[in-house]
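Below you'll find the structure, written out as C-alpha cells, and then a few comments.
What follows is calculated from the coordinates using simple rules that are stated; it is not laboratory data. Keep in mind it's a predicted model, so treat the numbers as computed, not measured. Methodologically, a virtual Cβ is constructed for each residue, glycine included, from the backbone with ideal geometry; neighbour enumeration extends over all protein chains shown.
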Amino acid sequence: MEWSLENVREMVAGGMQSIRECEICAFAIAMCVLLLFMWYCYRVGREHGSSPLRGRYLAGPGRIGGVVGGFMSSDCRGRGKGKHGSMLEEQNGFAFCQSSECFRCTSAGESLNQRLYHSLQDYAKRYTWSGMGRVHKGVRDQGRYLNSRPTIQRPEVFFLPDLPSAPFFSREVQRHDVELLEQSFPALLAEFESIYHQPPARSGSSLPPGWKANSTPRGQWWTYYLVNQGTPLVLNVRRCPRAWRVLGQLRTFIANNVFGNACFSVLTPGALITEHYGPTNVRLRCHLGLRVPPSCELVVGGEPQCWSEGSCLLFDDSFLHRAFHEGGAEDGPRVVFMVDLWHPNVAAAERQALDYIFTPGRLEDKEGK
C-alpha cells in the first residue's frame, strides 16, 4: 500500500463512517431495550397497580373473613356456653362461631379483604413480586374462588389457585416429616399420657390443665394445643418438651402463620365431629395415631380412612370432612397428634409471602389504623 496524504484522509474518513454506523446500531439496540423495559413496566403496573387490584379484589359477594358453609375452629368451640353457646349460631346443620378472638371465624368482610391486600403489597415492596403469581392471583380473585368452589372442597379463608388437590395424600409427599413423627411415636404417646392423666385444673372441671372441650353434637372432643393458629401456648409447651422438640425438627410445619396448629386431639367413645371445611388449601393436616380403637373413622371428601397407631395420615382439610368414634366405653378414646404441614406444591417463595401476610396479629383491625 502506498502511503500518501490522500490515502490517510480516506482511511480516516472510512473509520469515522464505521464509528458512526456502530453508534447508530448501538443506539438502535439501546432504544429497543428501553422500549422493552417500558412495556414490561406497563404490564407490571397494570397487574399490580393499586386501583385495578383493589377494584377486582373487593368486588363480588365473597368475604375472606366470613364463614361459608359451616366451620367452627376447635378453640372457639370451647368458648361457647352450653350445647349451643351464646357465641354459636346454627344454620343448615352446621355450627358457626361468632367469637371475635378467632381469626378464621371472624366475619370481617371487606375490612379483612383490604388488610389482606395491603399486606400483600407491603410484602412486595419489602421483598419482591417474583414468584408471587399464584398468591397475587389468589388475593385478587379470592371472592370469586371462595364462592365458585364445588361444595366438596371450599376453604373458608384463603384459596391458592392451581394447587393439585385430593382428599388424602401419600405419605411420600412429606416423607421426612412423616418418618420423623412416626419415629417419635413412643415419646409423643408417653407425653400424652403424662398430660392426660393429670388431676383436673380446677374444682368442677373434668379436664386436666391445658385441655379444651370442644362443642360436638354427641360425645366429647378434647384438644391440647401446643400451637394454636400460629401462636405457641407457653404453659402447654413447657409441659410437653419432647413434643415441642419434634415440632422444631419438622421441615414443613406451618409455624409462623395463622394456618399452623399442633395439638393432641381426643375423641371419646360415641363422639362425632360434624362435617366442616378447613380454612385453606395451602396446608396438609397430618394425624399421627397414638390410640386408635376399632370403629373410628375419618371421612374426607366422601372418602373414608381409618387411623393406625404409630402411622401418619395426610389429608387436605379444605375438603368437607368429619370424624367419629363409634366404639364402646371399654374401647377407650381415640387419640392423635395433629400438625399442619405445608402443601408440597406451595413453593418456598409463596410460603414466605403467606407467612408474612398471615402472621398472627398482622391482619387484626385495630382502632386508629
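Couple of notes before you dig in:
- Less than 5 angstrom separates the built amide H of residue 271 from those of 220, 325, all sequence-distant by 5 or more or on a different chain.
- Segment 193-257: mean projected area of Cα convex hull, nm²: 5.6 nm²
- The phi torsions of segment 235-249, fed into the Karplus equation with coefficients 6.51, -1.76 and 1.60 and a -60° offset, translate into couplings of 5, 5, 4, 5, 7, 10, x, 6, 5, 5, 5, 4, 4, x, 8 Hz, rounded to whole numbers, with Gly and Pro shown as x.
- Residue 163 long-range amide H proximity, modeled H, under 5 Å: none
- Phi-based couplings in Hz for segment 292-298 (Karplus 6.51, -1.76, 1.60; Gly and Pro marked x): 10, x, x, 6, 10, 8, 10
- The spread of Cα positions in segment 150-273, taken along each principal axis and listed from longest to shortest, comes to 51, 35, 26 Å.
- Enclosed volume per residue, in Å³, of the convex hull spanned by Cα atoms of segment 110-164: 77 Å³
- Placing +1 on each Lys and Arg Cβ and -1 on each Asp and Glu Cβ, with no other charges, gives segment 110-164 a dipole about its Cα centre of roughly 100 debye.
- Evaluated with a Cβ-only charge set (Lys, Arg +1; Asp, Glu -1), segment 280-344 carries a dipole of roughly 180 debye about its Cα centre, given to the nearest 20.
- Label-to-label distance for residue 176 and residue 206 is 4.3 nm, based on points extended 7 Å past Cα in the beta-carbon direction.
- Applied to segment 309-315, the Karplus parametrisation 6.51 cos²θ - 1.76 cosθ + 1.60 on θ = phi - 60° returns per-residue 3J(HN,Hα) values of 5, x, 10, 9, 10, 10, 8 Hz, with x for Gly and Pro.
- Amide H contacts for residue 283 (H built 1.01 Å from N in the peptide plane; partners 5 or more residues away or on another chain; cut-off under 5 Å): 343.
- Taken over segment 168-346, the convex hull of the Cα atoms encloses 112 Å³ per residue.
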